[in-house]
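Trainee: The following block contains the structure, expressed as structure tokens.
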Amino acid sequence: MAKGSIIQLDFHTFQDADTGAELVRLTPVDVLCHRNYFYQKCFTRDGCKLLFAGEFGDHRNYYLLDLKTQQAVQLTEGAGDNTFGGFLSPDDGFFYYVKNERELRRVSLTDFIETTVYQVPENWVGYGTWVANSECTSLVGIEIDRADWTPLTDWNIFHTFFTKKPRCRLLRIDLLTGKSRTIHQNNVWLGHPIYRPFNDHCVAFCHEGPHDLVDARMWLVNEDGTDVRKVKTHAEGESCTHEFWVPDGSALMYVSYMKGQQERNIFRFDPESGINEVIMAMPSCSHLMSNYDGDLLVGDGSGTPVDVQDAKGYTIENDPWLYIFDVKQKRQARLAAHNSTWRVLNGDRQVTHPHPSFTPDNQHVLFTSDYEGEPALYLAKLPQNLFD
């Protein structure tokens, strides 16, 4: 299919059997579709259009879905889209994504003209999710030495790749000029670079790999490469994961879990004071995301983590629920069952992960699930009496 093609979708509305929450399936169950990474901008500012990825043709490409007309327009074509890292610009005028692990591209949403902003050097590979600053004038990303690179098509390779100690570098790319410079480089697997919102001086990144083997998961560095510092020293038996900046820039939040325990903790890190604090305990959610100021959180219940070496020691019961957390009142409630399998599908480790986040008006949660067939996109409406 060609860029600009229109696909008419047919939304399906139903209720969760246990909570009664209203859900809408946006994409068909016989076509692989999924959302982008949970902290990347996927909705237009008015909440009327949604960026997603789908395999409606020979390749998995990006689409922009009009939630009123239920029509999706194709934004990219051909093979090689990184369909998790793409994001909309703050003014909704452009869409950015990485092609073939080589090219950072910008697509105009008015005429679909595509421009290569930055080219990854031949001896490097563009890896993971690349994230822009609040003004969308610069971006941080990770490149891995091509000599060390292996496609991460399953969790066994994920574990092995960690032991290679690949040569990685954290980059800043100017989105206006395409010029890049290295912020930080190490023979450690680096991932998840994220600008602190409204503060370009501060960049978060992680040491990637099995959570129970990494020295410390979360790190900060100044944009000029100075003052590399860890966010948290792990306690004995502790693993941390899926950190994100609260969208107003006030804090870094993350999931902490202990060996042999079903329950997990929501942590908040204050980048000004350097203090980590437990916000509240929660069920075994894998991903967390907040609303703009961090008052509400959404998480996706999961099973035994696959990204640890000692899977037996971290064995837990599967939790199939989406949860909403009221941070101020320390309350939680089940929103709806996501029932996703978390399976690796066709060499893709992420495609069945729910990756939930709020719509711009905080009235719905967007997530991915494959419980009806192929991975599909869903919206779950937050009831007025959710915490009653």
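The values are calculated or read from the model by the stated rules, or taken from the named source; none is laboratory data. Just so it is clear, the model here is predicted, and its values are computed rather than measured. In this analysis, Cβ positions are derived from the backbone assuming ideal geometry, glycine residues included, and neighbour counts consider all displayed protein chains. Each accessible area value is taken on the protein alone, full model and side chains, heavy atoms only, with ligands, DNA and RNA left out. Shrake-Rupley method; radii C 1.70, N 1.55, O 1.52, S 1.80 Å.
Trainee: Counting only other residues whose beta carbon sits under 11 Å from that of residue 137, what net charge do I get with K and R as +1, D and E as -1?
Mentor: Numbers: positive: 172; negative: 135, 174, 200.
Result for the local shell: -2.
Trainee: So, one more: For residue 165, which aspartates and glutamates qualify as cross-link partners when the Cα separation must be under 14 Å and same-chain residues fewer than eight apart are set aside?
Mentor: Residue 165 reaches 143, 145, 148, 208, 215.
Trainee: With the full set of protein chains in place, find how many percent of the accessible area of the stretch 46-115 is carbon and sulfur; take the probe as 1.4 Å.
Mentor: Roughly 45 percent of what the probe reaches on the stretch 46-115 is carbon or sulfur.
Trainee: Residues of the stretch 1-149: accessible area per residue at 1.4 Å, in Å²? Don't jump to the answer; show the numbers that get you there.
Mentor: Details: 5890 Å² over 149 residues.
With the other protein chains kept in place, the stretch 1-149 gives 40 Å² per residue.
Trainee: Run the simple label-point estimate for residue 154 and residue 224 please: 7 Å along Cα→C-beta, distance reported in nm.
Mentor: It is 4.8 nm.
Trainee: Excluding residue 249 itself, what net charge comes from residues whose Cβ is under 11 Å from its Cβ, given Lys and Arg +1 and Asp and Glu -1?
Mentor: On the way: positive: 196; negative: 200, 248, 272, 293.
Here the charged neighbours net out to -3.
Trainee: Once every DSSP H run of n ≥ 4 in the chain is given -39500 (n - 2.57) and the sum is divided by its residues, what mean residue ellipticity at 222 nm do you get, rounded to the nearest 500 deg cm²/dmol?
Mentor: Dividing the helical sum by the residues of the chain leaves -500 deg cm²/dmol.
Trainee: Work from the charge dipole of the stretch 34-84 (Cβ charges, +1 for Lys and Arg, -1 for Asp and Glu, about the Cα centre) and give the residue of 64, 47, 74 farthest towards its positive end.
Mentor: 47
Trainee: A follow-up question, please. Sequence gap at least 6, Cα distance under 8 Å: using those rules, report the relative contact order of the chain to the nearest whole percent.
Mentor: Over the chain, the number comes to 13 percent.
Trainee: Further question on the same structure: Based on Cβ point charges of +1 for Lys and Arg and -1 for Asp and Glu, what charge dipole magnitude is obtained for the chain about its Cα centre, in debye rounded to the nearest 20?
Mentor: It works out to roughly 560 debye.
Trainee: Quick one: plug the Kirkwood hydrodynamic radius of the stretch 1-82 (C-alpha pairs) into Stokes-Einstein at 37 °C, 0.692 mPa s, and report D in µm²/s.
Mentor: The estimated diffusion coefficient comes to 241 µm²/s.
Trainee: Calculate the dipole size of the stretch 110-252 relative to its Cα centre from +1 charges on Lys and Arg beta carbons and -1 charges on Asp and Glu beta carbons; express the result in debye to the nearest 20. Before the final figure, lay out each step's value.
Mentor: Values: 13 positive and 20 negative charges, 76 e Å.
For this selection, approximately 360 debye.
Trainee: Going by average Cβ neighbours within 10 Å, how do the peptides 171-179, 134-142, 9-17 rank, with the highest at the top? Write down the numbers at each step before the final one.
Mentor: On the way: 171-179: 15.7, 134-142: 18.9, 9-17: 13.2.
Per-residue mean Cβ counts within 10 Å order the peptides as 134-142, 171-179, 9-17.
Trainee: Sticking with this structure for a sec: With N set to the number of residues, divide the alpha-carbon radius of gyration of the stretch 31-119 by 2.2 N^0.38 Å and report two decimals. Present the calculation step by step, with values, prior to reporting the outcome.
Mentor: Numbers: Rg = 12.0 Å, N = 89, 2.2 N^0.38 = 12.1 Å.
Relative to the rule-of-thumb radius for its length, the stretch 31-119 sits at 0.99.
Trainee: Taking a 1.4 Å probe, which of 120, 278, 327 shows the most accessible area, and what order do the others take after it?
Mentor: Values: 120 0, 278 75, 327 20 Å².
I get 278, 327, 120, largest accessible area first.
Trainee: Quick check: at a probe of 1.4 Å, how many percent of the accessible area of the stretch 255-388 sits on carbon and sulfur atoms?
Mentor: Its accessible area is 44 percent carbon and sulfur atoms.
Trainee: Something else: Taking every alpha carbon pair in the chain, what does the distance histogram look like in 20 angstrom bins from 0, in percent?
Mentor: 29, 63, 8
Trainee: Additional query: What ³J(HN,Hα) values, in whole Hz, does the Karplus curve 6.51 cos²θ - 1.76 cosθ + 1.60 give for the stretch 45-62 when θ = phi - 60°, with x put for Gly and Pro?
Mentor: Along the stretch 45-62, the couplings run 4, 7, x, 8, 10, 10, 7, 8, 10, x, 9, 7, x, 7, 10, 8, 10, 8 Hz.
Trainee: Let me ask something additional. Averaged across orientations, what area in nm² does the convex hull of the alpha carbons in the stretch 202-295 project?
Mentor: If I average the Cα hull's projected area over directions, I get 6.1 nm².
Trainee: Treat every Asp and Glu Cβ in the stretch 37-143 as -1 and every Lys and Arg Cβ as +1, leave all other atoms uncharged, and give the resulting dipole magnitude about the Cα centre to the nearest 20 debye.
Mentor: The calculation lands at about 240 debye.
Trainee: What percent does the relative contact order of the stretch 96-231 come to when contacts are Cα pairs within less than 8 Å and at least six residues apart?
Mentor: Working: 296 pairs, mean separation 23.8, N = 136.
This gives 18 percent for the stretch 96-231.
Trainee: Hey, what do the phi angles of the stretch 286-293 turn into as Karplus ³J(HN,Hα) couplings, whole Hz, using 6.51/-1.76/1.60 and θ = phi - 60°, x for Gly and Pro?
Mentor: Using θ = phi - 60°, the values come out as 8, 9, 10, 8, 10, 6, 4, 9 Hz.
Trainee: Now, a different point. Go through the stretch 241-255 residue by residue and turn each phi into a ³J(HN,Hα) via Karplus (6.51, -1.76, 1.60, θ = phi - 60°); whole Hz please, and just put x for glycine and proline.
Mentor: 7, 6, 6, 7, 7, 4, x, 7, x, 6, 7, 9, 10, 7, 9
Trainee: How long are the three semi-axes of the equivalent ellipsoid for the stretch 250-388, computed from the Cα gyration tensor as the root of 5 times each eigenvalue, in whole Å, largest first?
Mentor: Value: 23, 21, 14 Å, ordered largest first.
Trainee: Taking amide H positions as placed 1.01 Å from N in the peptide plane, with prolines and chain starts having none, which residues 5 or more places from residue 319, or on another chain, fall under 5 Å of its amide H?
Mentor: Here 302, 303 satisfy the definition.
Trainee: Can you give the Rg/Rh ratio of the stretch 135-286, where Rg is from the C-alpha atoms and Rh is the Kirkwood radius?
Mentor: Looking at the stretch 135-286, the ratio lands at 0.97.
Trainee: Would you please give the residues with an amide H less than 5 Å from that of residue 377, counting only those at least 5 places away or on a separate chain, with H modeled from the backbone geometry?
Mentor: When sequence neighbours closer than 5 places are left aside, the close amide H contacts are 26, 27.
Trainee: For the stretch 171-294, what's the relative contact order in percent, using C-alpha pairs closer than 8 Å and at least 6 residues apart?
Mentor: Details: 249 pairs, mean separation 19.7, N = 124.
About 16 percent, as a whole number.
Trainee: Among 112, 12, 198, whose Cα lies farthest out toward the positive end of the dipole of the chain, if unit charges sit on the beta carbon of Lys, Arg (+1) and Asp, Glu (-1)?
Mentor: It is 198.
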